[in-house]
Amino acid sequence: LRCEDADPLTFRNAWRLVNRVGHAVLRDVGTGAHVALLLRNQIEFFPAFYGAHAAGGVTVPLNAELRGTHLDYVITASRSKLLIIRDELFDRLDALSSLAMIEKVVVCGALPAAEAVHGVPVVGWDDWLEGTSDTPAGDLPSWSDIAVIQFTSVTTGRAKGVVLPHHFLYMAAA
């Protein structure tokens, strides 16, 4: 896996990183949590996406171009407990009314000076993963378990969350 200027991830290293993310998700927000991703095409996207699944959770990829009321709405509607965000997008959080159910914000890249945003603790990606195991965090999800909540574009009104089970991901990848 190659993205931007980051070192490529081999399958083995990607699997280990997915498991570390899974353990961090379990530690901080528990099994079954919704994990929102406000990232671009970057190396952390893959382990964050599948790490939520490794913890029995649901991934909620957000459009990196969202701002203001639209971003506020999808964060609230997604019922996410954890937000993983790219450093250059972090300032968008200040404009929101709250972070709804978010319990922790994980920043990929340069850590902002703020230790919290809207009362929610902020931690860097590497610090968040520090000391986590690279062994499987739990059983693999069932084909019928919810894998992703994908929000539609907001061209006409409010975004709608489309719920996709794991078997859809398998079929889409084929």
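The values are calculated or read from the model by the stated rules, or taken from the named source; none is laboratory data. These figures come from a predicted structure and were not determined experimentally. Cβ sites come from the backbone with ideal geometry, for glycine too, and all protein chains shown count toward neighbours. The area values use the complete protein model at the heavy-atom level, side chains included, leaving out ligands, DNA and RNA. Shrake-Rupley method; radii C 1.70, N 1.55, O 1.52, S 1.80 Å.
Side notes on the structure shown:
- Percent accessible area from carbon and sulfur atoms, the chain, protein chains only, probe 1.4 Å: 54 percent
- Across the options H34, F46, H23, the greatest Cα extent toward the positive end of the charge dipole of the chain (unit charges at beta carbon of Lys, Arg, Asp, Glu) belongs to H34.
- With 10 Å bins beginning at zero, the pair-distance distribution over Cα atoms of the chain amounts to 10, 40, 38, 12, 0 %.
- Interchain or long-range residues, amide H under 5 Å from V148's placed H: T59, L164
- Averaged over its residues, region 23-146 has an accessible area of 45 Å² per residue, based on protein heavy atoms and a 1.4 Å probe.
- Across the options G119, V107, V60, the greatest Cα extent toward the positive end of the charge dipole of the chain (unit charges at beta carbon of Lys, Arg, Asp, Glu) belongs to V60.
- Antiparallel bridge percentage (DSSP; both residues within the chain; nearest 5): 30 percent
- Estimated distance in nm for a label pair at L1 and L164, the labels positioned 7 Å out from Cα along Cα-to-Cβ: 1.5 nm
- Dipole in debye (nearest 20) - region 1-113, about Cα centre, beta carbon charges: Lys, Arg +1; Asp, Glu -1: 460 debye
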